[in-house]
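Report on one structure; see the data block that follows.
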Amino acid sequence: MLFVAHTSAAIGICALPFVNPALAQLLSHPAIWRGNDCAPEPSSIATGFAELDRALPGGGWPRGALTEVALEREGIGELRLTLPALARLQAEGRSVVFVSPPYRPYAPALAAAGLDLSRLVVVRSVTGSDALWAYEQALRAPECGAAFAWTATHDERVLRRLQVAARDGRTWAVLWRRPEQRAGAQAAPLRLALAPSAGRLAVRVVKRRGVELARPIVLDLAHAPGAPLYPLPEGRLTMKRTSPAMPTSRRGLAHRKAS
């Protein structure tokens, strides 16, 4: 027997003492979730921010799934938000791949945040098709724990293929949308929108496998454990803009160009 309890926070389903064991076992299956809860994720990695973990299915960033992140503007702490999880993945012996980042990763800040630069690969592609090819290969590679791509593609066939590649490779896949780019990847199970908020970072959960969140989650990245060591000039992002005149390699960073 089930009892439906109404509370001020949400509508929950509570089991009475004489619940059918077979039904309880069925409801605990990871493929079944209740509308007022987040869907269970087969595997996730903690973000490093407890409040954000509570809002995400599985209690963290989804491994084996595509996440779309839209930016109101750049340099607001978007990369910093991901650093604790990236460091954890590298501690497991897996690599991190950045595909076509708009800025050159700034090695000292990344190292200060705990990243192993020998396990960071940066792919700088000339064309969008090259970038997507390199991204898909990274997602499928078993040694890759996380792959980030900065791309404007909205081809749902391509996005579905990337989602399948992330699932098959059990890779945390992030598709970054720059301020001038339209978001809306339907294939992504998780979609976030980031914006500055009085010196903090507001994370709005646009889409998740679960009930909609009415308000954004506001994080204070400056005082978060494991955040990168600053100061940086003018509070800029921990990445420097890429220039064709710059060298293609930097000490401690591996750069790969998709063929």
Number of positions in the range 171-197 that are at pLDDT 90 or above, of a type in the set (A, V, I, L, M) and either in a loop (DSSP other than H, G, I, E, B) or crowded, with 19+ Cβ neighbours inside 10 Å (or both): 6
Residues of the range 112-146 satisfying the condition of being over 15 Å from Pro102 (Cα atoms), crowded, with 18+ Cβ neighbours inside 10 Å and in contact (Cβ under 8 Å) with a residue 40 or more places away in the chain: Ala113, Leu120, Ala134, Ala138, Cys144, Gly145, Ala146
Among residues belonging to the range 129-166 that are assigned to a helix (DSSP H, G or I) and small (Gly, Ala, Ser), point out the one that is nearest to Trp61 (Cα to Cα). Ala166
Does any residue of the range 167-187 turn out to be polar (S, T, N, Q), within 14 Å of Val96 (Cβ to Cβ) and in contact with a helix residue (DSSP H, G or I) (Cβ under 9 Å, 6 or more places away or on another chain)? yes
Hits in the range 58-97 - residues which are within 19 Å of Glu143 (Cβ to Cβ) and part of a loop (DSSP other than H, G, I, E, B): Arg63, Gly64, Glu92, Gly93, Arg94
Taking first residues from the range 179-208 that are farther than 18 Å from Leu79 by Cα and second residues anywhere that are in a loop (DSSP other than H, G, I, E, B), the pairs with Cβ under 6 Å that are 6 or more apart or on different chains are Pro189/Arg209
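The values are calculated or read from the model by the stated rules, or taken from the named source; none is laboratory data. The structure presented is a predicted model; accordingly, all values stated were derived computationally and were not measured. Cβ: placed from backbone, ideal geometry, glycine included. Neighbour counts: every protein chain shown.
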